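Everything below concerns the one structure shown next.
Computed from the coordinates by the stated procedures, all read-outs in this text should not be read as laboratory data. Computed from a predicted structure; not experimentally measured. Cβ: placed from backbone, ideal geometry, glycine included. Neighbour counts: every protein chain shown.
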Amino acid sequence: MVERIEAETPSAEGDAYWWALRISAISLAALAIVGATTAGLVRGSGGLWGAIAGAGLAALAALVTQGAMVVGYKKAPHVFASIVGGSWLAKMSVILVGMLVLSRVSGIDRPSFGVVALVGIVVSLGIDVMAVRKARVPYAMPSSNSENS
């Protein structure tokens, strides 16, 4: 039999999720500034707007999921999974609609958009991995009432 156990320090998991949210927001803001400046200088105003749109997409992809983790980590496992899964589905729908709309906008440089979006998503995934490793929260352990005792 398996039981849900709490972390030794109840805030360790929440601290890790808040850390990821803060660091991702800072990293994505820095990427937006550097990406927009670079793309604007290299590709003109289309590059500037493409980089800003790419940073926005990356922020949506990263921060919605991390926000759901912050909101749901104290909830029961099935509620937590519902919050994270529901936010993922909503986020994917918004991204799909956003990309369809952006594909019709002529003033956006697609390579700038793609590069900045890809870099932002990869950076945020790296931050997510570091946060999960930092939290090191056990989910379950064998019950002390086990028949094998």
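The relative contact order of region 10-134, computed from alpha carbon pairs under 8 Å that lie at least 6 residues apart in sequence, is 40 percent. Remark: V84, V79 ranked as V79, V84, counting other beta-carbon atoms within 10 Å and listing the fewest first. By other beta-carbon atoms within 10 Å, ranking T37, T65 with the fewest at the front produces T37, T65. From the alpha carbon centroid of region 99-123 to that of region 13-62 is 11 Å.
Among S106, S93, the order by Cβ neighbours within 10 angstrom, fewest to most, reads S106, S93.
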